[in-house]
Each structure stands twice: as structure tokens, then as C-alpha cells.
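Here is the structure we will look at.
Bear in mind these aren't lab numbers, they're just calculated from the coordinates by the rules spelled out. Because the structure is predicted, anything quoted here is derived from the model rather than measured. Cβ atoms come from the backbone with ideal geometry, glycine included; neighbour counts cover every protein chain shown.
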Amino acid sequence: MDFSELIKIRQSVRSYTSQPVEKEKITQCLEAARLAPSASNSQPWKYIVVDDEELKNKVALATFDKVVKFNKFALQAPVIIVIVLEKPKLITQIGGEIKKREWPLIDIGITAEHFCLQAAELGLGTCMIGWFDQKRIKELLNISTKKIIGLLITLGYAPDDYALRKKIRKANSEIISNNKY
């Protein structure tokens, strides 16, 4: 599949079958993510693969509550990837302070998209989740209280009837300009 086609089929999947995800496919997605670029090659991430069903369900339950229900689909996903922010190289930290940039946050966005694009190429669905109970997930996965969880990614097979949605995006004229704002 060429890249142009891949970016057209990659979408946030919010419905999954119970079919397990093959370990080889998870490994391929993690390898794609591992190869992502990062500021000063800091690679400020650690991936936790949560595929034990009982533990995965506990993590999924930490993505919604009585008021915020939009992540309930996480319970269906056979796998949840937790991306933990790690300390970047000193040069990246200094540069971030000088330029007022959170380079590691940018970096995990890049690595997460590499993971999701590889998953899409393999016929898997993903959804990045930014709304979750960080304290609860840290407790469940034995993550230091000093660490920050950047993102969760649900991973699994979408049902056969899960439609590829039309991508609704702003017009080029609204988001692109040449040589000035």
C-alpha cells in the first residue's frame, strides 16, 4: 500500500471485535513507533502493551466515568498501548526551556502516529486516547508517580461492517499560506 492510500484509510476506530491481535503485528507496530524521529534523538517514550484481558479492562475503565462516557469503546479493544513520557536528553530539555516548547509531547505524537499508521497497514484499527485517569492507570501498571502518561492507544480489529468515514477537513485555503501568515 502506498502512503497516499494509507493516510486515507487510517482513522480513529471506536468499535472492535474480540479477535486477538497477533503478537507479530503488535511487534511490527512497536517497531514502527520505535523508529520515529524525536528531538535530539531523545526517544522520550516507553510503551506498555496491556493485553492481559483483566488488566486491560481495568485500564479501559480508567478512560471514562459516569459523566465522560465517550471512551467506553476502549473496553472492546483487545490491546491498549500506554505511552509513558521519559526524560529527554539534556540538550532537548535546555532547548525546550529556551524555546518554550514541550519537545517530548511533540515526539510522542509522532511516535503514536507511526504506530497507528503501521497498524492501519496491517488491517488493524487504533484510536489515540488523551482523556483518562492518569493516577489510576499508574497504580494499575506500576508506573512511578513522577512519570507522565502521554497517550493511550486502543488496538484491535474493527468489525467487517465498520465503515471508512469520509475525512472532513478544512479547505487548503483555510490552513495553508505562502510566505506570510
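Tabulated values for the structure
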quantity: Filter result (over 18 Å from the mean Cα position of the chain (by Cα) and assigned to a helix (DSSP H, G or I)) within segment 26-57; calculated: ALA39, SER40, ASN41, GLU53, GLU54, LEU55
quantity: Matching entry among ILE175, ILE149, ILE143, ILE106 (being more than 19 Å from the chain's Cα centre (by Cα) and not aromatic (Phe, Trp, Tyr)); calculated: ILE175
quantity: Test: residue in segment 29-40 that is among the polar types (S, T, N, Q) and on the phi > 0 side of the Ramachandran plot; calculated: yes
quantity: Subset tally (residues that are out of contact with any Lys or Arg (no Cβ under 7 Å at 6 or more places or on another chain) and touching a residue at least 24 places away in the same chain (Cβ under 8 Å)) for segment 123-146; calculated: 12
quantity: Any hit, segment 32-51, residues being free of Cβ contacts under 8 Å to residues at least 40 places away in the same chain and either surrounded by fewer than 16 Cβ atoms within 10 Å (Cβ to Cβ) or in contact with a Phe, Trp or Tyr (Cβ under 7 Å, 6 or more places away or on another chain) (or both); calculated: no
quantity: Meets criteria (closer than 23 Å to SER144 by Cβ and aliphatic (A, V, I, L, M)) for ALA60; calculated: yes
